[in-house]
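Written below as structure tokens is the structure these notes are about.
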Amino acid sequence: MDTIVLKFGGSSVASNERLDMAAEKIIDLYDKNNNIVVIVSAQGKTTDKLIRESEELSRDPSDRELDVLLSAGEQISIAKLSMLLNEKGYPAISLTGWQSGIFTNNTNQNAIIENIDTTRINKELEERKIVVIAGFQGFNENLDITTLGRGGSDTTAIAIAAALKAKNCYIFSDVEGVYTADPNIIKSAKKIPALSYEEMLALSSEGAKVLHNRSVEIGEKFKIPIITKSTFNKEAGSVVSDVIEENTIKSIVKKDISRISIIGNGIIRNTTALKKVISEIEKNKLEMLNLNVSETKISIDFKNMVSDEILEKIHSVL
Ligand code: ADP
Ligand code: ASP
Ligand code: MG
């Protein structure tokens, strides 16, 4: 019996109607005698809403409590999907990150999966259950909840697929696959039938949301074919695998990055200033993309937009 992992993103589980479409895809593969593991994200824009709500309560919410809050979104989805599958006569069981054995490091809001103990998942699969797992969350050495960074459910899915040695991993979303550009912005964008892990990693790292970049790294490392497809139709998707085509242009992507530059003659030799800046960046858990140092300038590019508050903090340590 093959094991297949399916992941449904936020827009794919945003309403009861959409949950129903997801359930039908799951049932179809289950009825073909596969072991089925499903990963789900929080419904619609739930995670954004939870972040906003935390900001209303506190200017600087505790990282630990923020992860407890954010992980709640996925917990709602697993329960709802499992109930619906049960209602349709299928034996589904929901599992949170820790129930699924997803052990991470201690970096709240951007945790890295270190190990997955699949004992519980395998036990449920042996009983022919459809295992529905909360994406985006794990637990750390203190048995506290951690989350994997925005878009992290893709990473849960592919890491689980790797741990279970799954045949493949389907990533279902609101687009039919990976396109030559973001199809929600560029109407003439075309679907790409196949691309290599390397190409997908470059695209994800440069801002194409369709797959979380860490998920592609894991897919490549463990050679898990990733198939991105639409939840809302049966069109063929895009396959990400180790098949490499030479001399092709696959896609174009725009990224709005933030850059902070510190300017002053001889800055290249001012290691104290550089250390202070790096320490401030680490304290504020900012993800750096690039750091450039020249005679008169240190320039740092960040993955996400950096607030004026951060600029003020860096200004004050210098
Ligand atoms: P989900 O909520 O299912 O995880 P995401 O919103 O994270 O889905 O990712 C899907 C989105 O990625 C699409 O709606 C699309 O706007 C965006 N996207 C950006 N670049 C691309 C691309 N090259 N191909 C497909 N989708 C892209
Ligand atoms: N719910 C999380 C987010 O919105 C994780 C995910 O959707 O992959 O970022
Ligand atoms: Mg996503």
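The values are calculated or read from the model by the stated rules, or taken from the named source; none is laboratory data. Small disclaimer: the values here were computed from a predicted structure and weren't measured. Backbone-built Cβ (ideal geometry, glycine too); neighbour counts: all protein chains shown.
Quick rundown of the values:
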item	result
Selection from region 231-248 of residues that are of a type in the set (S, T, N, Q) and either more than 16 Å from ligand 1 (Cβ to nearest atom) or surrounded by fewer than 18 Cβ atoms within 10 Å (Cβ to Cβ) (or both)	Asn233, Ser241, Asn247, Thr248
Restricting region 198-213 to residues that are surrounded by 23 or more Cβ atoms within 10 Å (Cβ to Cβ) and not hydrophobic (A, V, I, L, M, F, W, C), the residue that is farthest from Tyr170 (Cα to Cα)	Ser204
From Tyr197, Tyr170, Tyr179, residue being in contact with a strand residue (DSSP E or B) (Cβ under 7 Å, 6 or more places away or on another chain), within 16 Å of ligand 3 (Cβ to nearest atom) and modelled with pLDDT under 95	Tyr179
Subset of region 113-138 [in a loop (DSSP other than H, G, I, E, B) and surrounded by 15 or more Cβ atoms within 10 Å (Cβ to Cβ)]	Thr118, Lys129, Gly135, Phe136
Only one of Ser238, Ser230 that is within 16 Å of ligand 3 (Cβ to nearest atom), of a type in the set (S, T, N, Q), in contact with a Leu (Cβ under 7 Å, 6 or more places away or on another chain) and at pLDDT 90 or above	Ser238
Matching residues in region 1-17 - criterion: being within 21 Å of Thr156 (Cα to Cα) and touching a strand residue (DSSP E or B) at 6+ places or on another chain (Cβ under 9 Å)	Asp2, Thr3, Ile4, Val5, Leu6, Lys7, Phe8, Gly9, Gly10, Ser11, Ser12, Val13
Failed item, numbered, when Ile130 is tested on (1) under 12 Å from the mean Cα position of the chain (by Cα); (2) away from ligand 2 (no atom under 15 Å from the Cβ)	(1)
Subset of region 69-87 that is within 12 Å of Gly97 (Cα to Cα) and in contact with a strand residue (DSSP E or B) (Cβ under 9 Å, 6 or more places away or on another chain) - its residue that is nearest to ligand 1 (Cβ to nearest atom)	Glu74
Residue match in region 178-187 (condition: in contact with a Leu (Cβ under 9 Å, 6 or more places away or on another chain) and within 13 Å of ligand 1 (Cβ to nearest atom))	yes
Close pairs from region 1-24: first closer than 11 Å to Leu84 by Cβ and of a type in the set (Gly, Ala, Ser), partner within 14 Å of ligand 3 (Cβ to nearest atom) and not in a helix (DSSP H, G or I), Cβ under 6 Å, at least 6 apart	Ala22/Phe8; Ala22/Thr231
Residue list for region 142-186, filter: touching a His at 6+ places or on another chain (Cβ under 9 Å) and assigned to a loop (DSSP other than H, G, I, E, B)	Leu148, Gly149, Arg150, Gly151, Gly152
Residue match in region 83-103 (condition: without any contact (Cβ under 8 Å) to a residue 12 or more places away in the chain and among the charged types (D, E, K, R))	yes
Condition broken by Thr104, with the remaining ones in (1) farther than 19 Å from Thr228 by Cα; (2) crowded, with 21+ Cβ neighbours inside 10 Å; (3) within 16 Å of ligand 1 (Cβ to nearest atom) satisfied	(3)
Near pairs, Cβ below 7 angstrom, 6+ apart or cross-chain, from region 135-151 (near ligand 2 (Cβ under 9 Å from one of its atoms) and β-branched (Val, Ile, Thr)) to any residue that is in a strand (DSSP E or B) and modelled with pLDDT of 95 or more	Thr147/Gln137
Matching residues in region 270-287 - criterion: being farther than 19 Å from Asp63 by Cα and either touching a strand residue (DSSP E or B) at 6+ places or on another chain (Cβ under 8 Å) or in a helix (DSSP H, G or I) (or both)	Thr271, Thr272, Ala273, Leu274, Lys275, Lys276, Val277, Ile278
Every residue from region 180-198 that is in contact (Cβ under 8 Å) with a residue 40 or more places away in the chain, under 20 Å from the mean Cα position of the chain (by Cα) and farther than 30 Å from Asn35 by Cα	Ala181, Asp182
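Quick grid of which residues meet (1) among the aliphatic types (A, V, I, L, M); (2) touching a helix residue (DSSP H, G or I) at 6+ places or on another chain (Cβ under 9 Å); (3) within 16 Å of ligand 3 (Cβ to nearest atom):
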| site | (1), (2), (3) |
| --- | --- |
| Glu17 | no, no, no |
| Ala22 | yes, yes, yes |
| Leu29 | yes, no, no |
| Gln43 | no, yes, yes |
| Asp48 | no, no, yes |
| Ile51 | yes, yes, yes |
| Glu56 | no, no, no |
| Pro61 | no, yes, no |
| Arg64 | no, no, no |
